[in-house]
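Notes for the one structure printed next.
The values are calculated or read from the model by the stated rules, or taken from the named source; none is laboratory data. Owing to the predicted nature of the structure, the values given are computational and were not obtained by experimental measurement. Cβ atoms come from the backbone with ideal geometry, glycine included; neighbour counts cover every protein chain shown.
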Amino acid sequence: MSVGYSYRITALIVLLSLCMGTGAATDPTRPFGYGEKPEIIEVEVPEESTEWHLNGVRIYGDSRSAILNGNMIREGDNIENATVLEINPTFVVLEQGDRRLVVRMLELNIKQPARAITNVESKNTR
């Protein structure tokens, strides 16, 4: 073998050992913190801080029901430590302990009530 050929093989072995000795290469496109376990934070929520959401009301004759916080309820039912006292077309009255709560389906910021339309003539003439 020639001296130049053995020099090249030795240089190649040295370069390979240097590259392999540096450890695993990191991906430069990997997001920061990827693969780390997220920190779990436990929060204690008191029972009295229930948020109430009235999604719908159904009144048919004497039968009244509503959907409150995703649950179907009727007057007299208990839901999340509260008793349903009344179901009305736009609100529900609850009793929670010694408090009475009114959960409204619609906000009361109506600027002007709707007016009835009378004597409407059809504009579509043939």
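A compact table of results
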read-out	value
Qualifying residue in the range 11-34 (condition: at pLDDT 75 or above, β-branched (Val, Ile, Thr) and part of a helix (DSSP H, G or I))	yes
Residue match in the range 61-68 (condition: within 13 Å of Met105 (Cβ to Cβ) and part of a loop (DSSP other than H, G, I, E, B))	no
Residues of the range 57-89 that turn out to be farther than 18 Å from Leu101 by Cβ and either basic (Lys, Arg) or modelled with pLDDT under 90 (or both), as a count	5
